[in-house]
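The values are calculated or read from the model by the stated rules, or taken from the named source; none is laboratory data. Everything numeric here is computed off the predicted structure, so don't read it as measured data. Glycine also receives a Cβ, built like all others from the backbone with ideal geometry; neighbour counts cover every protein chain displayed. Keep in mind that these areas ignore ligands, DNA and RNA; they rest on the heavy atoms of the full protein, side chains included. Shrake-Rupley method; radii C 1.70, N 1.55, O 1.52, S 1.80 Å.
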Amino acid sequence: SIASADMDLNQLDAFLTAQTKKQGGITSDQAAVIAKFWKNHRMKIHESLISQSRWDNLLKNMNWRVDLKSQSRHIDQINTPVAIVEMELGKNGQ
């Protein structure tokens with residue numbers, strides 16, 4: 001629950017306090033150990049979860065622009081916006 005919610009320190013404290021008050025929950029010593037572990041390893045755990053939940057491809061680069069026609073044979077085509085989007089995909093780790 002802590003990792004999937006990516007809890008900050010306030011959320012973690014509230015969650016662990018609730019777990020210690022629950023019947024059959026954890027002790028305050030266990031809560032302290034969990035809190036210390038989460039504070040020290042939060043970023044590594046979060047990055048690991050992200051990498052496990054990603055598909056093979058990821059967005060490496062993205063460019064975009066909007067063009068307007070300033071000249072045309074037909075007046076109704078002038079100032080018509082055209083969006084151009086270029087996305088570069090890559091495999092994870094490549």
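Before moving on, here are some points about what is shown:
- Of all residue pairs spaced 6 or more apart or on separate chains, those with beta-carbon atoms under 8 Å, a first member in segment 69-90 that is on the phi > 0 side of the Ramachandran plot and a second member that is surrounded by 10 or more Cβ atoms within 10 Å (Cβ to Cβ) are 79/69.
- Residue within segment 35-57 that is more than 30 Å from residue 88 (Cβ to Cβ), in contact with a helix residue (DSSP H, G or I) (Cβ under 7 Å, 6 or more places away or on another chain), open to solvent by less than 90 Å² (accessible area, probe 1.4 Å) and in a loop (DSSP other than H, G, I, E, B) present: no
- Residue satisfying all of: in segment 23-34; touching a helix residue (DSSP H, G or I) at 6+ places or on another chain (Cβ under 7 Å) and outside any loop (DSSP other than H, G, I, E, B); most open to solvent (accessible area, probe 1.4 Å) among these: 28
- Of all residues making up segment 61-80, the number that are at pLDDT 85 or above and open to solvent by 80 Å² or more (accessible area, probe 1.4 Å): 4
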